[in-house]
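First comes the structure, then the notes that go with it.
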Amino acid sequence: TLPDTDGDSLPDAWEVIYFPGDLTKLSANGDYDADGLKDLAEMQRGTDPTKPDTDADGLTDNVETNTGTYVSPTNTGTNPLQADTDGDGRKDGDEVNAPPKTDPLDPDSDDDNYSDGAEVASGHDPNDPNHNPDTTAIANSRTEFTQSGTQGELDWFYGYRNFTADGGGLT
């Protein structure tokens, strides 16, 4: 039973958080930020009625239903107050809309023990359990550690220096 001076079904105390001294901008049936959520729903969800994307993750507040179940890009089940609901290092909007698309509610979409964010950052496919840092070569010793493509050139073997050949020195 909080005061509602303008009779719009929104408590004055909540409205003045966003528009101090002006109770005319928000109303229960209005959608001030045009994100598809009525201002009353924004209040109930705790989202900002002046920003279409409260958490700035690339998804509008109306598609982030906070159910914990991904249905579609228009019903993501993600939390509209957390930019990265599953904590994998990728914003929810990137997981839903940007390639490679991944599950915004599963930190490791391919279950290979590497987070989606870590795989994308390292150039691996977060949807393929056989394409991760454990399954790809760090370097090709013939092309990356030699000048002519000959194995062992410049005392390098399989990406390591041959300390026997160079006398075991550290330089």
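Structural remarks
- Cα convex hull of the range 85-134 - mean projected area over all directions, nm²: 2.8
- Heavy-atom accessible surface of the range 1-49, averaged per residue, reaches 56 Å², computed with a 1.4 Å probe.
- Straight-line cross-link reach from Lys51 at under 16 Å between alpha-carbon atoms covers these aspartates and glutamates, not counting any fewer than eight positions away in the same chain: Glu15, Asp31, Asp33, Asp35, Asp39, Glu42, Asp61, Glu64.
- Quarter of Cα convex hull surface for the range 1-108, i.e. mean projection, nm²: 7.0
- In the frame of its principal axes, the range 44-89 has Cα extents of 25, 21, 17 Å, reported largest first.
- Amide H contacts of Asp57 (H built 1.01 Å from N, under 5 Å, at least 5 apart or other chain): none
- Each peptide among 65-72, 107-114, 77-84 gets the average number of other Cβ atoms lying within 10 Å of its residues, and from highest to lowest they stand as 77-84, 107-114, 65-72.
- In order along the range 44-55, the phi-based Karplus estimate (6.51 cos²θ - 1.76 cosθ + 1.60, θ = phi - 60°) of 3J(HN,Hα) comes to 5, 7, x, 8, 8, x, 9, 10, x, 10, 3, 8 Hz; Gly and Pro are listed as x.
The values are calculated or read from the model by the stated rules, or taken from the named source; none is laboratory data. Small disclaimer: the values here were computed from a predicted structure and weren't measured. Backbone-built Cβ (ideal geometry, glycine too); neighbour counts: all protein chains shown. Accessible surface areas use protein heavy atoms only, side chains included; no ligands, DNA or RNA. Shrake-Rupley method; radii C 1.70, N 1.55, O 1.52, S 1.80 Å.
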